[in-house]
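Below is one structure, written out as structure tokens; the observations come after it.
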Amino acid sequence: MYSLLRPANLFILITYLLLSAVPFSPLLMGNTVAQPAQIISIEFVAWLVIWALFKRPAWFHWLLIPAFLALPIELYLQAYYGQGISTHHLGVIAETSPKEALEFLGSKVWLLLAILLGISLWWWLTWKAARLTRALDWTDRSRWLILALLAISLYIWVYGRQFGVQPAPSSVPNSVSAVTARTNAASANAASASGDDEEDSETASAETTSLSASTSIAGGGASSRFPKLPSWAKIPFEADSFGKTWPFGLAVHAYDFWKERAYLSDLAHKSAQFKFGAHQSGQTDERQIVVMVIGESSRYDRWSLNGYKRETNPLLKNEANLVSLSNVVTAVSATRLSVPVLVSRKPATQSLRAGFSEKSFLSAFKEAGFKTYWLSNQMSFGQFDTPVSVFAKEADVTQFLNLGGFTNNSSYDQILLDPLKNAINDPAPKKLIVLHTLGNHWNYSHRHPKEFDKWQPSLFGIADPAYTDLKFKPQLNNSYDNSILYTDWFLSQVIGTLKATSQLTSMMYVSDHGQTLYDGSCNLAFHGHNTQYEFHIPALMWYSDLYKTAYPDKVEYLLRHKRARLATENIFHSLLDMADIHYGTEHLEWSFLSRKFRPHKRYVDSYGWTDYDNATFKGDCREVIDKGTPLAQEK
């Protein structure tokens, strides 16, 4: 025991203790840590297993290199964004080129290099101490006992994964009740209030499915060649819980990142051979810039452009060449499902199914000679972001600029303005620039700077408002309107930047879905519901004077169809038509800039695929109810 107190050995043990204490760093910033006892227990077992497997620190210290390198990033994210490293952050790091990193860091690059040098020195000194000491070697029989227990536990865990685990006698009814209660509570109150809002509803669905499957399996054990594992023998290992620990929990994030990359690679492989055969008909020698702005969680009736009593669009109303489209709907009120329909030819009725065999308008523009950009203030990796990232990766330049995700510390959409200017200054003669904004996503008061906090009282400055408490209804609605005011400013900045080029330019804006905001007596808020407020979305198009001169017919039909029945399915076709890009299998009847335009049936996700134009809107929630029989959904 005395030998453990020697300086070299203490240095090693304190180093490992500090790495293990990283999950508790939020305490230094005045935040709480969920389930601290569980984290400590898992970390203790993890160290026990690693030490038993490798016998001495010098032999497993190499495994800690990623943890040492990730440590300053973890602490930075905790300090400034209130969260640790995630799959998204690994994606940002992997996708950022050295040039982009230098542009982002500026003079801070020297500080980063100094930190990395210090971290590397720390790791080397610890390894040197571990290599020279033998006092920390695990040489007695207890090591073999631990290895035997590990082997048995691993066998039991694999057996349970392969042949199933019997549910505890009382666990299924209780769990079902719990899931039902949570689902009903979510419906009665609101969807989740952060970037996890879609995740919560999906989790409830997944739990219900899992329980049903477990119940079914439990009743059909005779069909299995081997019996199921008794419930008491189940090994309590969960990857999510392990991923919250340090340093070995980083392996979970690395594995999730690998899965996301594999998923992207698989989808890219499936569509690799797909070609539109797109080309630009006219203006082939004219320099041209097309900007597509994808909004987030914005609802049509909160824009003063569309008749709202509050002046939420004081800047856009002064744009002479701006046309608001008054009757556009989205099929699904979830970003990961709605954006693929918006950027590709994916039918609305397939939006609940993963993947699509075709590419997006990005590839069509590339075929027509445009350099393409996807600049995003949203996430890149994760269950709810990867379906969008699949298409974003088609761009020549892809940048995800938001390190804070949907948290209160996320960046404002203005972070996209400098990359937009850089893209515009690119010498390529023709460019398509997609700006994927955070828009009007909850928390609304964190979507804009203080100077846009116009309507009071608001939620501005309140860290964790009780969004399900109806007493905050006025503050919630005021903050939402303030976020629309900021969107007005942001879009006017984009338009002003395009005007300054004196080139043939145009911009389209479409929100992915809307929001419900405790309207009237409605007790629903946010999105993930089947209300008209979430399906009816704002959309608009702006064009330069030079564009109007070059394409007078397109402007004429845009004005003629501004009140037509449209859906996000029209966007792909209209954006290509806006740039005068054509291809063999085009459908100009879906473009609102074409004389061939024809309205189509608009289906929305409400008790099946409901015909929006053959529906009633029930109560203050404006719940969309098909007058006929909705189409069945395939997932």
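Assorted remarks:
- Approximate spin-label separation Asp418-Arg161, in nm, with each point projected 7 Å along Cα-to-Cβ: 4.4
- Inter-part distance where the range 568-593 and the range 287-304 are each reduced to a Cα centre, Å: 18
- Segment Trp124-Glu589, extension gain: residue separation times 0.36 nm, minus the distance between their alpha carbons: 160.8 nm
- The stretch between Asp545 and Leu132, if pulled fully straight at 0.36 nm per residue, gains 141.2 nm over its current Cα-Cα span.
- Charge-dipole axis of the range 568-635 as Lys and Arg at +1 and Asp and Glu at -1 on Cβ define it, positive-most pick from Leu593, Val624, Ser574: Val624
- Between Lys596 and Leu27, the distance separating the two model label sites (each 7 Å from Cα on the Cα→Cβ line) works out to 6.7 nm.
- Nearest-10 value in Å² for the accessible area of Lys618, using the 1.4 Å probe: 130
- Of the whole protein surface, Val158 contributes about 70 Å² of accessible area at a 1.4 Å probe radius.
- On full extension, the segment bounded by Ser502 and Lys55 gains 154.0 nm, given 0.36 nm per residue less the C-alpha separation.
- Local electrostatic count at Pro457 - Lys and Arg +1, Asp and Glu -1, tallied over other residues with Cβ under 13 Å: +1
- Too-long pairs where the Cα-Cα distance tops 30 Å, listed order kept, from Lys562/Lys618; Lys270/Lys562; Lys450/Lys554: Lys270/Lys562; Lys450/Lys554
- Over the range 425-489, equivalent-ellipsoid semi-axes from the Cα gyration tensor in Å: 32, 12, 9
- The modelled label-to-label distance between Gln633 and Leu48, using points 7 Å beyond Cα along the C-beta direction, is 4.5 nm.
- Under 12 Å, Cβ to Cβ, from Glu358 - net charge with Lys/Arg +1 and Asp/Glu -1: +4
The values are calculated or read from the model by the stated rules, or taken from the named source; none is laboratory data. Model, not experiment: these values are computed from the prediction. In this analysis, Cβ positions are derived from the backbone assuming ideal geometry, glycine residues included, and neighbour counts consider all displayed protein chains. Surface areas here come from the heavy atoms of the whole protein model, side chains and all, with no ligands, DNA or RNA. Shrake-Rupley method; radii C 1.70, N 1.55, O 1.52, S 1.80 Å.
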